[in-house]
Each structure stands twice: as C-alpha cells, then as structure tokens.
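Below is one structure, written out as structure tokens, with a few remarks after it.
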Amino acid sequence: MLALVGGSVYASPDAAPLADAVILIANGAIAAVGTRREVQIPSDARVIDCTGKTVVAGFWNSHVHFTEEVWKNAGSAPAAPLAEHMQAMLTRWGFTTVWDIGSDGRDTLALRRRVNSGEIPGPDIYTAGSIFPKDGHPAYLPAEIKLPEASTPEEAAQLTRTYMGFGLDGVKLFTGSFKGTGKPVVNMDPAIAKAAVDVAHAAGKPVFAHPQNMAGVDAVITAGVDIMAHTVPGEPVYSPEQLARFKQQRIALVPTLSLFAKLPVAPDIAARLIATTVAQVKAFSDNGGPVLFGTDVGFTTYYDTTLEYELMHRALSERQILASLTINPAQYFKAAKKGRVEKDFDADLVVLDGDPLADVTNLAKVAYTIRAGEVIYRK
C-alpha cells in the first residue's frame with residue numbers, strides 16, 4: 001500500500017482544497033481519501049510526505065507523437081533510452097494518459113506493451129492512425145515518408161477499417177494540410193472525411209482532425225469529427241454558426257498554443273498568431289465546448305509545459321486549465337475511473353510543488369507522477 005500524506009488535495013477542478021490530507025492507494029486504485037484525522041495509515045504502508053505540496057488527478061496530454069528517432073523499433077530497442085526519453089517528454093510533466101495522434105502504429109503499440117508490462121515507466125497510451133487528403137503531404141514532414149492518403153470515401157473507409165484491425169484506438173484526419181508558405185492549403189473533401197468518421201464511430205472510436213484553416217474546420221463539422229487537434233492560427237474567431245455546431249455536435253478542442261508561439265517567424269507574426277488562437281480558445285470555451293490539454297509534443301521538442309499554461313491562462317481560468325488536464329478528457333473519452341481524486345478511482349495522481357490555483361505555472365512543477373499506484377516519475 002502507498003500513502004500520500006500531508007498534502008493539499010483537489011478532488012476535482014471545481015472542489016475546495018482538502019488540507020493535510022491522506023490518500024491511500026492499493027491495487028492500482030484509490031482506497032481512501034480524507035484528512036489525517038479521518039484516515040488511518042496502515043503500519044506497513046509506504047509513505048510519501050506531501051507536506052507543502054498539492055495533489056491532483058493525473059494529467060492527460062491529448063496530442064502527442066512517438067515519432068522521434070528514439071522510438072524507432074520500440075519493440076526491440078533497449079529499455080533505458082526509451083525510459084529516459086519518456087521521462088523528459090511526458091512523465092516529468094505529470095502525464096499519466098496520452099493520445100498519440102499520428103505515429104507509426106507498430107512502434108506505438110510495441111511501446112504501449114512495454115509500458116503496460118512495467119518495463120518502461122510511462123503513461124497509459126492511446127493511439128490513432130492518420131489519413132491525409134490526396135496530394136496532402138504536409139511541408140513540415142520529410143518528403144520521403146510515404147503517408148496514407150485517401151482520394152475517395154471508399155479509400156478512407158478502408159484505411160479506417162485497417163487501423164481498427166491493427167488495434168488502434170482512433171483516427172486522425174488532415175482536413176487541412178499545410179503545403180508551405182504562400183501555397184494553398186489542401187483540404188479534405190468532407191465526404192471523404194465522413195466515410196472515415198462513420199467507420200470509426202461504428203467501432204466506438206473517436207476521430208481527431210488537423211483543420212489548418214477554416215475550410216478544414218467546416219469539414220470537421222460536416223463530417224462529424226469529434227476533436228479538433230489544433231486551433232487555426234492567423235484565422236478569425238470561430239463564427240456564431242460554427243460555435244453553434246460545435247456545441248450541438250459536442251466537438252472538443254485541443255489548443256496547442258505553445259506550438260504556434262515557437263514557430264520560426266518574426267516576433268510580431270508570432271504575437272498575432274497567438275492572439276488569434278487565444279481568441280478562438282476563449283470563444284470556444286465560453287460557448288461551453290470541452291477543451292482538452294495537448295501540446296503536439298514529439299513533433300515539437302519543446303517539452304516544458306509552462307508556456308502552454310501561461311498562454312491558455314489568457315483565455316481560461318486556472319480551474320478550467322486543470323479541468324482540461326483531468327476531468328474533461330476523462331469524461332470525453334469515457335474513462336469513468338479517471339480524472340478525479342476519489343475512492344475507487346484509478347490511482348493516477350500528480351504531486352505538485354505548489355498550488356496550481358494560486359499560480360497556473362505550478363502545474364508544470366511536478367514532484368511525483370503516479371500511474372495506477374506506481375511512481376513513474378519522482379523529482
């Protein structure tokens with residue numbers, strides 16, 4: 001049994017803090033939560049002193065990639081470099097669950113098996129297969145990589161069936177593909193996107209989309225995509241009609257704001273891109289849409305989450321940002337035992353050095369990351 005003792009606990013993003021708390025963990029789940037007076041600590045429990053620290057539910061990153069060189073041949077590669085990179089990229093930032101939305105599925109599935117066996121400390125991994133429009137090879141991906149393109153609804157449906165057969169957990173559609181500065185975006189025909197969505201939804205799997213521009217956003221709406229994997233930098237705020245459809249169809253949004261802040265462009269252009277994306281996040285959230293935290297890490301090598309929290313805070317409150325990391329994805333992806341610090345919930349927890357509701361950047365100051373009762377990162 002593991003006992004987290006003396007910390008302040010937020011059972012959920014909207015809860016008041018529980019001071020001088022004890023969390024007992026057994027068999028991968030939370031066995032008890034209460035004050036030190038209420039919860040008796042078994043004599044044989046392993047104790048982690050959380051005095052002066054804050055405990056929250058484990059974090060989700062709903063947009064990652066396992067595409068860096070270190071992940072190649074993940075099934076047979078030595079464990080040590082994989083574990084080291086997993087820590088640098090994910091576990092030291094509190095992530096206990098991630099969505100990989102666009103990698104080599106063979107590597108991701110092999111990595112997941114090794115993580116779940118306990119060989120490599122890491123998060124719970126979900127993975128999605130990508131589909132691009134015809135001639136939609138993005139400018140930022142190496143030309144020699146052969147990408148799965150669909151030029152007809154039938155091809156999109158068959159690719160999706162193939163992904164489901166591989167055991168993947170979802171699909172990612174490039175409803176807009178960036179071909180380079182000054183070149184027109186290649187958008188996916190909504191009928192092609194809908195064919196993939198229909199197959200995925202019939203299998204009970206979610207569909208993400210990379211929209212790139214407003215035409216890509218409209219394709220998301222028309223095709224019935226579930227999650228927009230990015231905001232659309234440089235574009236206007238979503239229209240009232242788009243916002244109404246987002247709400248009606250319960251579409252979710254992953255902002256990835258720091259990705260755009262780190263683009264190799266002049267500071268004034270970067271500031272404009274951030275201003276537009278922040279405005280989109282605020283309009284989306286104010287409209288009641290579920291915001292899911294994600295950074296595109298793995299594509300970007302900027303692992304530190306501090307900037308993402310700072311930029312999100314321009315549009316969202318501290319509690320809303322904590323919700324984007326915890327309860328929002330747990331509810332959206334129907335993970336009924338995740339997202340809260342409550343008895344019988346999964347023991348996916350983050351111990352922070354400071355109170356995230358006092359300073360949102362404390363969300364990046366992780367002392368311990370715990371998944372299913374196992375410490376997968378300690379500072």
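Once you reduce region 311-379 and region 23-90 to the center of their Cα atoms, the two points are 11 Å from each other.
Along region 245-254 the Karplus relation, 6.51 cos²θ - 1.76 cosθ + 1.60 evaluated at θ = phi - 60°, assigns HN-Hα couplings of 5, 3, 5, 4, 9, 6, 7, 9, 10, 10 Hz to successive residues, with x for each Gly and Pro. Close amide H partners of residue 48, meaning residues 5 or more places away or on another chain with modelled amide H under 5 Å apart, are 3, 4, 5.
Packing around the peptides 40-46, 95-101, 306-312, taken as the average count of other Cβ atoms within 10 Å per residue, puts them in this order, highest first: 95-101, 306-312, 40-46. Ligands, DNA and RNA aside, residue 25 has an accessible area near 10 Å² when probed at 1.4 Å. Each residue of region 150-167 was assigned a 3J(HN,Hα) from its phi angle through the Karplus expression (A = 6.51, B = -1.76, C = 1.60, θ = phi - 60°), giving 10, 9, 9, x, 5, 5, 5, 5, 5, 4, 5, 4, 4, 4, 4, x, 6, x Hz with x at Gly and Pro. Projection of the Cα convex hull of region 1-117, averaged over all directions and equal to a quarter of that hull's surface, yields 8.8 nm². In units of the compact-protein estimate 2.2 N^0.38 Å, region 159-218 shows a Cα radius of gyration of 1.21. The share of accessible area on the chain that comes from carbon and sulfur is 52 percent, using a 1.4 angstrom probe. Rounded to the nearest 500, the 222 nm mean residue ellipticity of the chain from helices alone is -9000 deg cm²/dmol, with -39,500 (n - 2.57) taken per DSSP H run of at least 4 residues.
When the convex hull of its Cα atoms is viewed from all sides, region 275-359 shows a mean projected area of 6.7 nm². Largest first, the three principal axis extents of the alpha carbons in region 1-63 are 41, 25, 17 Å in whole numbers. Just for the chain, what percent of DSSP beta bridges are antiparallel, to the closest 5? Bridges in the chain are about 45 percent antiparallel. Of the listed pairs 247/338; 53/337; 72/282; 146/262, which have alpha-carbon separations greater than 30 Å here? With Cα atoms farther than 30 Å apart: 72/282. Length, then width, then depth: along the principal axes, the Cα atoms of region 37-85 run 50, 26, 17 Å. Overall dimensions of the chain, expressed as equivalent-ellipsoid semi-axes from the Cα gyration tensor (√(5λ), whole Å, largest first), are 35, 23, 19.
Rounded to two decimals, what is the ratio between the C-alpha radius of gyration of region 89-136 and 2.2 N^0.38 Å? Spell out each step's value before the answer.
Working: Rg = 12.7 Å, N = 48, 2.2 N^0.38 = 9.6 Å.
This ratio for region 89-136 stands at 1.33.
Taking Lys and Arg as +1 and Asp and Glu as -1, the other residues whose beta-carbon sits under 10 Å from that of residue 67 total -4. Highest mean packing first, where packing is the average number of other Cβ atoms within 10 Å per residue, the peptides 141-154, 320-333 line up as 320-333, 141-154. Projecting the Cα atoms of 367, 32, 71 onto the charge dipole of the chain (Cβ charges, centred on the Cα centre) puts 32 farthest toward the positive pole. A 1.4 Å probe run over region 254-377, with the rest of the protein chains in place, finds 37 Å² accessible per residue. Here the Kirkwood formula, the inverse mean of 1/r across different C-alpha pairs, assigns region 182-302 a hydrodynamic radius of 14.9 Å.
Compute the semi-axes of the equivalent ellipsoid of region 108-173, taking the square root of 5 times each eigenvalue of the Cα gyration tensor, and list them largest first in whole Å.
With the √(5λ) rule applied to region 108-173, the semi-axes are 27, 16, 8 Å.
Compactness of region 235-285 was expressed as the Cα radius of gyration divided by 2.2 N^0.38 Å, which yields 1.26. Near residue 376, the amide H atoms lying under 5 Å from its own belong to 369, 370, 371; only residues 5 or more places off or on other chains count, and H is placed 1.01 Å from N.
Working note: Karplus 6.51/-1.76/1.60 with θ = phi - 60° gives region 186-198 the couplings 8, 9, 7, 4, x, 5, 5, 4, 5, 4, 5, 4, 4 Hz, where Gly and Pro are set to x.
Largest first, the residues 135, 226, 198 sort by 1.4 Å accessible area into 135, 198, 226. Compared with the alpha-carbon gap, the fully stretched path from residue 37 to residue 49 is longer by 2.7 nm at 0.36 nm per residue. Seen against the Cα atoms of the chain and their longest principal axis, helix 214-223 is set at about 80 degrees. A Gaussian network model of the chain, with springs between Cα atoms under 10 Å, assigns the largest mean-square fluctuation among 281, 350, 47 to 47.
Take region 26-152 with all the other protein chains still there, run a 1.4 Å probe, and you get 44 Å² of accessible area per residue.
Between the helical axis of 267-286 and the longest alpha-carbon principal axis of the chain there is an angle of about 70 degrees. Using the Cβ of residue 349 as centre and a radius below 12 Å, the other residues enclosed give a net charge of 0, where K and R count +1 and D and E count -1.
The values are calculated or read from the model by the stated rules, or taken from the named source; none is laboratory data. Remember, predicted model here, so these are calculated numbers, not experimental data. Virtual Cβ from ideal backbone geometry, glycine too; neighbours counted across all protein chains shown. Keep in mind that these areas ignore ligands, DNA and RNA; they rest on the heavy atoms of the full protein, side chains included. Shrake-Rupley method; radii C 1.70, N 1.55, O 1.52, S 1.80 Å.
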